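Read through the structure below, which is laid out as structure tokens, and then see the notes.
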Amino acid sequence: MSTKTSERLRALVSMAMLCALAIAADFFLRIPNIGGFLTYEPKDVVLTIGGFIFGPIAGLVMSLIVCFVEMITISDSGLIGFLMNFLASGVFIGVSTAIYSRKKSLSRAIAGLIAGSFSMLAIMLLWNYIITPLYTGLPREAVLGLFLPLLIPFNLLKAALNSALILFLYKGVVTALRKSKLIPTRESYDSGNKKANTVLIVCVSALLTVTFILVMLIFAGIISL
């Protein structure tokens with residue numbers, strides 16, 4: 001077996017382990033029914049660490065897998081819940097890891113987590129405004145009324161807690177994986193990863209743009225959902 005093939009196999013094993021840990025965290029550490037329909041899940045801590053190690057695309061793939069497993073096991077919100085779950089995790093993980101991966105340092109990790117937190121907040125506020133009335137029956141005026149007392153504090157506290165846990169646990173997880181020889185002793189970063197990060201940032205920007213346009217069209221009464 002070639003060195004590259006062996007490294008890829010070890011990376012896949014590591015990512016599978018991280019997915020399993022994220023799913024276990026969701027099963028045993030989740031806090032449901034916050035404000036009636038919100039749930040705190042610590043999976044983003046594990047998945048973002050995975051994205052820091054293996055890159056943003058790997059982080060998004062792991063997030064998609066974990067969100068799907070959650071949908072078919074412990075979630076009762078179906079495809080809508082899956083969409084909201086993946087949007088929140090994907091934006092947070094994607095933005096955080098894309099920024100960190102361009103130059104791996106503590107300051108870049110903190111900058112990435114801050115940017116990921118506020119990107120997730122923006123996306124979740126806008127998509128809660130769009131989606132929540134569809135499955136709760138609340139009018140959109142009532143959803144707007146939940147922004148300050150519930151949705152903004154919840155998403156900021158969730159992001160802050162997850163970010164603190166990521167910074168606290170990252171070095172220990174990397175050290176354990178290196179001692180197990182599941183990842184190289186030195187992390188490499190090539191131009192292919194830079195291109196993937198650029199594509200990811202463009203996609204997130206496009207998602208934010210489309211979301212803002214959709215919300216404005218709803219406000220204007222041009223479309224109704």
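Restricting to the stretch 112-141, give me the number of residues that are touching a Ser or Thr at 6+ places or on another chain (Cβ under 9 Å) and either of a type outside the set (K, R) or under 15 Å from G36 (Cα atoms) (or both). I'd like the intermediate steps shown before the answer.
Restricting attention to the stretch 112-141, the residues satisfying the condition of being touching a Ser or Thr at 6+ places or on another chain (Cβ under 9 Å) are 112-117, 119-120, 122-123, 126-127, 130, 135, 138, 140.
From what is left, the residues that are either of a type outside the set (K, R) or under 15 Å from G36 (Cα atoms) (or both) are 112-117, 119-120, 122-123, 126-127, 130, 135, 138.
The number of residues fulfilling the criteria is 15.
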Inset, instruction - For G90, state whether it is without any contact (Cβ under 8 Å) to a residue 60 or more places away in the chain and over 16 Å from the mean Cα position of the chain (by Cα). - result: no
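Being assigned to a helix (DSSP H, G or I) and in contact (Cβ under 8 Å) with a residue 40 or more places away in the chain is the filter; apply it to the stretch 67-84 and report the residue that is surrounded by the most Cβ atoms within 10 Å (Cβ to Cβ).
Narrowing the stretch 67-84 to residues assigned to a helix (DSSP H, G or I): 67-72, 78-84.
If we keep only those that are in contact (Cβ under 8 Å) with a residue 40 or more places away in the chain too, we end up with 69-70, 80, 83-84.
Details: V69: 18, E70: 24, I80: 14, L83: 15, M84: 20.
Out of the qualifying residues, it is E70.
Out of everything in the stretch 37-51 that is aliphatic (A, V, I, L, M) and in a helix (DSSP H, G or I), what residue ends up being nearest to L151 (Cα to Cα)?
Pass one, the stretch 37-51, residues aliphatic (A, V, I, L, M): 38, 45-47, 49.
Narrowing further to those that are in a helix (DSSP H, G or I): 45-47, 49.
Details: V45: 20, V46: 23, L47: 23, I49: 25 Å.
Looking at the filtered set, the residue picked out is V45.
Given the structure, is L138 outside any helix (DSSP H, G or I) and either modelled with pLDDT under 90 or more than 17 Å from T48 (Cα to Cα) (or both)?
Numbers: outside any helix (DSSP H, G or I): yes; either modelled with pLDDT under 90 or more than 17 Å from T48 (Cα to Cα) (or both): yes.
It is true that L138 is outside any helix (DSSP H, G or I) and either modelled with pLDDT under 90 or more than 17 Å from T48 (Cα to Cα) (or both).
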Inset, instruction - Determine whether L208 is within 17 Å of the chain's Cα centre (by Cα), surrounded by 13 or more Cβ atoms within 10 Å (Cβ to Cβ), among the hydrophobic types (A, V, I, L, M, F, W, C) and modelled with pLDDT under 85. - result: yes
Legend entry - Among residues of the stretch 26-50, those that are at pLDDT 95 or above and more than 30 Å from A142 (Cα to Cα), counted: 6
Inset, instruction - Can you run down the residue pairs with Cβ atoms below 6 Å, 6 or more apart or on separate chains, where the first is in the stretch 94-108 and buried (at least 24 other Cβ atoms within 10 Å of the Cβ) and the partner is of a type in the set (S, T, Y)? - result: V95/S119; S96/T48
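The values are calculated or read from the model by the stated rules, or taken from the named source; none is laboratory data. All values reported here derive from a predicted model rather than from experimental measurement. Neighbour counts are summed over all protein chains in view; Cβ atoms, including those assigned to glycine, are modelled from backbone coordinates with ideal geometry.
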